[in-house]
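Reading through the structure tokens given below for one structure.
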Amino acid sequence: MTQGVFQEILVLLAVAVLVIALFRRFKLPVIMAYLCVGVLVGQQGMGWLSLSENTHFLAEFGVVFLMFAIGLEFSWPKLLAMRSTVLGLGGAQVAISTLLGGLVAWWLGMSPEGAFAVGGLLAMSSTAIVSKQLTEQLELGSRHGRLAMGVLLFQDVAVIPFLIIIPALAADHAQGALAVSLGTALFKGVLVFLLLLAAGRWLLRPLFRAIAAERSSELFVLTVLLVSLAAAWLTQQAGLSLALGAFLAGMVISETEFRHQVEVDIRPFQDVLLGLFFVTIGMRLNLLILPQIWHWVLLLVAVLVAFKILLVMALSRMAGVERGVGLRAGLCLAQCGEFGFVLLAQAAGYELMSERANQIVLASVLLSMALAPVLIRYNGVLAKRLFTLSYGQNHTHIEDDVRVNAQSMEQHVIICGYGRVGQNIARILEREGINFVALDLDPMRVHEARNAGDPVSYGDCTRQAILEAAGLSRARAVVVSFGDVAPTLRVLEHTRRLRPDMPVLARTRNDTDMERLYDAGATEVVPETLEASLMLSSQLLLLLGTPLSDVIRGIRDVRNDRYSLLRGLFPGREPGAAEGLGSRGERLHTVMLPPDAYAVGRTLADLELDRLGVQVTAVRRSGIRGPQPEPHTRLRAGDVLTLYGSAHALERAEAVLLKG
């Protein structure tokens, strides 16, 4: 490696670390951070880096892994479950946007091939930005959130035809045989898809099973890389794009049981290389030409945002969705997205656009993505301002429905979430003759449950008005049956404000967030992993002959002590092992005391490890383990201490034990 290349890498890493840290501090999309890095370090910015063949090559790998990850997330059952939204609303949005955008670009003097590429890239929205922000705003399961995600799902799939057609159009541009080029490209695409589908069924599944049996993470990662890159190479050899093969490979693997493990293993490569791709996109922006085209950029962004909002609203209205919900979905989808950059880079590579047109489109896409967080953040406020009457009436209608469902109940239980856990709770309450009202955001589930006679209402339990309508002032208890922490905290906040004395039971998947929920006012928190351990242990003890009364007393003691006996984990190196760690990454760690250790001859009280945030849960001496040692326990050489705390606190505690 030459000195110049090494310096370029250092510059790129230094700028990337600073800019990404700044964007994360203000909770801005990381994609925009990478784009800003490219603008800063590029030849038209500070001039520290230049686009080279090696840079383009690595950026192409980033696109490959992006499409591979999208393929992994693709799900035929999900597509079929949302087919009305995905195929209807999503298909119409992409088709109309591509058609009208292409016609306008062609009318403005662009070639038909370039106009098609521009229409396609402007039709796309950012899956990464929209899904992340809707999740943070707890709106992913709302009506506008489901509409937006349905359209985004179709857009992700629609990228594939564009990746096939654009190279064919470029070939036609050079040779003048449009029908032949398109027909050949589509035939090759279908053939490659069938080959990969057959390979996935007959080769990949047995291959991954054999590799997984070796229990070697390195071998598994190498196999994933081989499969994804081989599929990309296959489509490239067929005259198609690398990204197409990567997507198809991901889609084939998504049908196997190794999908989640593959996604975890591939993410480090994907994030780094995809970041480099966005850096190269930012480097393409010519800051010197911006003063000449800024008015075109602003006009294109304004027209694009307004057009997408109005189009999604109109299509939603035709599907029977009220205007306020359609507006919120339109605001979420009003920007361009990361796939637009993929299509733009492809069109530029085939020289389907002039440099001036390329700069106008590139700057417009960047600006629309910069506006996206603001539009998504305030989508509810804007909908209520513009459609106060209809939108307010809808919320009033929902609240009235909940209120009618609960009006005759006293001393009832409010069940937040009517999934499997919520329905099981309802069955037990029903058997004991205790009234309940359930709230859920899945309209199909609510419809079927109400048809069966269950007192279930469609409503967002994180809204104070919905809880009040469910009779919180008259209720006996509240149960939060879903495991998501953020909405649970909002339910606790509203309940504690209105009814400080109300018992609230919350559920969490493990002990990671138990303390947060207790601090927020939960009366009891039930961690699934710890409860499963308790149930398995109790059944085992009964099978081993332990008296039932002793088993019940032991379980009660563990629960009364807030599962402290079961808290802590030796995480190991297996993927996903750290999911069960505490809210601050607490874990178990063992330290053996050599003869010259500082702690030898001292008591646990002398060491004051609790001041470091570390607990000594056990001391093993001469092969005998003594749990919960007393503070006056004097340590000896050869003792093995089991410590519980965060990684940083454990490191400091080990230093104290060994060195003082």
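The values are calculated or read from the model by the stated rules, or taken from the named source; none is laboratory data. The structure displayed is predicted, hence computed values, not measured ones. Counting neighbours? That spans all protein chains shown, and the Cβs are built from the backbone with ideal geometry, glycine included. The protein model used for the area step is the full one, side chains on, heavy atoms only, and it has no ligands, DNA or RNA in it. Shrake-Rupley method; radii C 1.70, N 1.55, O 1.52, S 1.80 Å.
Points worth noting:
- Positive-pole candidate from Thr633, Asn435, Leu274, dipole of the chain, charges at beta carbon: Asn435
- Under 28 Å of direct C-alpha separation, and excluding same-chain neighbours fewer than eight residues apart, Lys188 reaches these lysines: Lys78.
- Pairwise Cα distances in the chain exceed 40 Å in 44 percent of cases.
- Degrees separating the helix 217-237 axis from the principal Cα axis of the chain, which is the longest one: 20 degrees
- Here's how it looks for Ala618: its modeled amide H is under 5 Å from those of Gln628, Thr642, which are all 5 or more places away or on a different chain.
- For Ala486 and Ala618, the FRET efficiency from 1/(1 + (r/R0)^6), where r spans their Cβ atoms and R0 equals 35 Å, is about 0.50.
- Under 5 Å, built H, 5+ apart or other chain: amide partners of Gly613: none
- Spin-label pair Val374/Arg427, simplified geometry with 7 Å Cα→Cβ offset, distance in nm: 5.2 nm
- The chain - accessible surface per residue (Å², probe 1.4 Å): 50 Å²
- Among His589, His260, His144, the order of accessible area from largest down is His260, His589, His144, computed with a 1.4 Å probe on protein heavy atoms.
- Simple spin-label estimate for Lys659 and Met444 gives 6.0 nm between the two label positions (7 Å along the Cα-to-Cβ direction from each Cα).
- Solvent-accessible surface (1.4 angstrom probe) belonging to Phe57, in square angstrom, nearest 10: 120 Å²
- With the simple spin-label model, which puts each label point 7 Å out from Cα in the Cβ direction, the Ala319 to Val272 separation comes to 4.0 nm.
- Whole-percent carbon and sulfur share, accessible surface of the chain, 1.4 Å: 61 percent
- Rounded to 5, the percent of DSSP beta bridges in the chain classed as antiparallel: 45 percent
- Sites Thr135 and Ala198 - FRET efficiency at Förster radius 22 Å, r taken between beta-carbons, to 0.05: 0.05
- The calculated 222 nm mean residue ellipticity attributable to helices in the chain amounts to -20500 deg cm²/dmol, summing -39500 (n - 2.57) over DSSP H runs of n ≥ 4 and dividing by all residues.
- Remark: relative contact order (the chain) = 12 percent; criterion is Cα-Cα distance under 8 angstrom and separation of 6 or more residues.
- Gain upon complete extension [Val190, Gln628; 0.36 nm per residue less C-alpha separation]: 151.2 nm
- In terms of its C-alpha gyration tensor, region 412-452 comes out prolate, because a/c is 1.5 or above and the ratio a/b outweighs b/c.
- Rounded to whole Hz, the Karplus (6.51, -1.76, 1.60) HN-Hα couplings of region 541-551, x for glycine and proline: 4, 5, 5, 7, x, 5, x, 4, 4, 5, 5
- The long axis of helix 91-107 is offset from the longest Cα principal axis of the chain by roughly 40 degrees.
- Within region 312-394, the ratio Rg/Rh, alpha carbon atoms throughout and Rh by Kirkwood, equals 1.15.
- Estimated translational D of region 453-505 in µm²/s (Stokes, Kirkwood radius over Cα pairs; 25 °C; 0.890 mPa s): 215 µm²/s
- Summary value for region 228-284: 22 percent relative contact order, contacts being C-alpha pairs under 8 angstrom separated by 6+ residues.
- Relative contact order [Cα under 8 Å, 6+ residues apart], region 154-298, whole percent: 22 percent
- Partnerless cysteines, meaning none of the other Cys C-beta atoms lie under 4.7 Å away, in the chain: Cys36, Cys332, Cys336
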